Structure formats: structure tokens, C-alpha cells
1. Could you give the length gained by full extension between Glu162 and Arg29, i.e. 0.36 nm per residue of separation minus their alpha carbon distance, to one decimal place?
2. Within segment 54-146, list the GluC sites (Glu not before Pro) lying in a DSSP loop whose Cβ has at most 16 other Cβ atoms in a 10 Å radius.
3. Relative contact order for segment 37-174: what percent, with Cα pairs under 8 Å and sequence separation of 6 or more?
4. Taking 0.36 nm per residue of sequence separation and subtracting the Cα-Cα distance, how much length would be gained by fully extending the chain between Ser79 and Lys104, in nm to one decimal?
5. Restrict the search to segment 96-174; then list the trypsin sites (Lys or Arg not before Pro) that DSSP places in a loop and that have at most 11 other Cβ atoms within 10 Å of their Cβ.
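Computed from the coordinates by the stated procedures, all read-outs in this text should not be read as laboratory data. Note that the structure is predicted; figures quoted are calculated from it, not measured. Cβ: placed from backbone, ideal geometry, glycine included. Neighbour counts: every protein chain shown.
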Amino acid sequence: MPQTKQTPTPPVDPVTATGPRPSGPALVRKLGTFASLPPLAIAWLFPSFCMLAFAATRIASKPFRDIAPALGENAGAISCSTSIGPQAERRARALGLSIRTVAKYLPWRSDCFAQALTAQWSCRIFGIASALHFGVAEDEAEGMKAHAWVTAGSVWLTGGRESRKFTPLSCFVRHPRGHGD
């Protein structure tokens, strides 16, 4: 009977249960991607992680009516925007990149609402005016779908790609501290 040569399977990482960590070209590519991030996006990775965890906990433990008053001024069922300068736009882009990057790798589900809360809190910390939008869309397969996204000026921090499919229900505008708060 001919013998078949078996290749050894790589050990599974007990922490992630996903197999070996990236090595060689894959690791170099990930490090290159990390190094290409703006400095603020890199610095904001851990705070984004903490705020996404807090947002997920808050959403799971409180009804929307308890969260809504802290979202800002309700502008109603319109798609609203804020006006910000070029420096604030650069910061908003970096913050959004950080939040979206962290959300991809979390061990729990970080949906659009948790990302939107985190984006709005981040903008508030950095003194950037932002608008948190809620919208709905009809999907033939899934029925009615809801979505949340945040904009600051012309920057879509979170939920931007999907937001165009949704009809706005409400928009909460949050101005920096000292501007009508």
C-alpha cells in the first residue's frame, strides 16, 4: 500500500482560535498599512476601542429614550450637516478611520449605532461639530432596515457607504463645547 505524505497542520492560537499569526508578506503588509495611518488615527485606536465597548454596553442596557437626550439637538427628519474648517475635517477623517478600523477587529459585534455614538463622542472631545443621522430603508429580503451614520462637515466618519440607501428619520446635531451647549 503506497504511503501518502501528510503535511503538518499549523498549530491553532488558543487565544484567537484562528490559526497562526500572519508572517512574512502578510505581516509586512499589515504593518505597512498600520504605518500609513495618520498619527491621530493611530493614537485614537485604543480610545476608540474603549468607547466602542462603552457604546455597545450602553445600547444594550438602556432604551433609546434614555440615550437620545445626550445625542444633541434633534433637527428632525432631515439630512442635516455641520460646517467645519479644513483642520477639523482632517481630524474628523482620522477619527473616523480609527473607529472603523477598530470596529472591524472587535471580538463583539460593533454595529452602526455603536460606531455612530463613538464618532460623535470623539468629535465632541476634539471640538468638532457633528451630525448623527438615523435612517430606514426597505429591503426585499430583510424587510425594514435601520442605519446610523455620522458626518462632520463633508466628512463621513461612520456608516457613509450604506447611508445613501436610507431615508433620513432624524438628525441630531452636536456643536463643540461653548457653542450653545
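1. Once the chain is fully extended between Glu162 and Arg29, it gains 45.1 nm.
2. Glu140, Glu142
3. Over segment 37-174, the number comes to 33 percent.
4. 6.3 nm
5. Loop-located and lightly packed - Arg109, Arg164.
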